[in-house]
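Following: one structure in structure tokens, then a few remarks.
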Amino acid sequence: MPSSPKSSTYYARQAATSRRSTVIVAVIIITIIGIVALLRGGSRCLSPRPRSVRVVWEHGRSNENLGVGTNRHKVMGFVGIQTGFGSLGRRKALRKTWFPSDQEGLQRLEEATGLAFRFIIGKTRDRAKMSALQKEIAEYDDFLQLDIEEEYSKLPYKTLAFFKAAYALFDAEYYVKADDDIYLRPDRLSILLAKERSHTQSYIGCMKKGSVITDPELKWYEPLSYLLGKEYFLHAYGPIYVLSADVVSSLVALRNDSFRMFSNEDVTIGAWMLAMNVEHEDNHELCASDCSGTSIAVWDIPKCSGLCNPENKMLALHKKDTCSKTPTLESDDNDNDDDN
């Protein structure tokens, strides 16, 4: 089986005048076509080479190269699991539970749900950590790499880079940002995304409001609180949320330095959504505190912004029948029995 190129170069810069009229860099289209050809080919085996994306940030110039080709891999949804260099244990736990640990498993999951899954990670100057990451990529080939520093304080920048890179590589109806410390039911997420919607610009998540944190000593402190007032606007919790393709295409079309970046990533995304004509779709099955017949994403809300002690909790949840073995849709057998 032919191998894919070692990396794809994606210039996540500024807007083109139209979503369909972008100028395509020759190197990018060659590499993306190679990836798509392998994914769509007759073999069920995915490429043994890492699919890297290099995002170049330029603040001062306008550039119409979005790196978006016409042969992007077609899926209903692309799910980016945000991870970091200190999260190897979390990734191991995920690969033992709901996230497939082999290329064939990833392909089967995509075929069954219409969703493509990748871990999303940036870079570090620590050579040892980068070397370890490359070994992990060579073994699992389930990463999408971003050429942006992996720092907690720069999560809004990483999130923007993720959406732009995902849009360049995948022709999806929805783009899902998820953290690596939630227990997810991909089958139910697929049902949620397949739902008929009259509005093409959708922002789906477990919505919240709350007081703006102005004390520098507290977690979630917001240095730009003077722009926000006393209470946050409606926005989705950060562990998982969904943007429709029309929303992401608008983000792709804007210059990177035109975005207001708040300290907290979920607030930043919520602020951008206020500037767009999006439909806020509130779904609390995306922030379930325990597994049920309808839960989509489970995490320890409000105690933790994800699962507390995720490496152990992920495995414990997966052993519960209510988490891993309940059907995609709730059975109505009980109702039928009552009728009888």
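For region 153-249, what class follows from the C-alpha gyration tensor (a ≥ b ≥ c being the square roots of its eigenvalues): rounded when a/c is under 1.5, otherwise prolate if a/b is larger than b/c, else oblate? Judged from the Cα gyration tensor, region 153-249 comes out prolate (a/c at least 1.5, a/b above b/c). When you restrict to C-alpha pairs under 8 Å that are six or more residues apart and normalise by the size of region 277-325, the relative contact order lands at 24 percent.
As a calculated quantity, the FRET efficiency between F233 and E330 at R0 = 41 Å, using C-beta atoms, amounts to about 0.80.
Available extension along the chain between A138 and S198 is 17.4 nm, counting 0.36 nm per residue and deducting the alpha carbon span. Note on K92 and H284: with the Förster distance fixed at 25 Å, the Cβ-Cβ geometry gives a FRET efficiency of about 0.30.
The overall shape of region 81-171 is oblate: from the C-alpha gyration tensor, with semi-axes ordered a ≥ b ≥ c, the ratio a/c is 1.5 or greater and a/b is no larger than b/c.
As a calculated quantity, the FRET efficiency between N277 and L224 at R0 = 22 Å, using C-beta atoms, amounts to about 0.35. Take each peptide in 319-327, 150-158, 238-246, 299-307, count the other Cβ atoms within 10 Å of every residue, and average; sorted highest first, the result is 238-246, 299-307, 150-158, 319-327.
Modelled label positions at K154 and T124, each set 7 Å beyond Cα in the direction of Cβ, lie 1.4 nm from each other. Looking at region 270-327, the accessible area is 50 square angstrom per residue; that uses a 1.4 Å probe and ignores ligands, DNA and RNA.
The values are calculated or read from the model by the stated rules, or taken from the named source; none is laboratory data. Here the structure is a predicted model, which means the values were calculated and not measured. Neighbour counts are summed over all protein chains in view; Cβ atoms, including those assigned to glycine, are modelled from backbone coordinates with ideal geometry. With ligands, DNA and RNA removed, areas are computed over all heavy atoms of the protein, side chains included. Shrake-Rupley method; radii C 1.70, N 1.55, O 1.52, S 1.80 Å.
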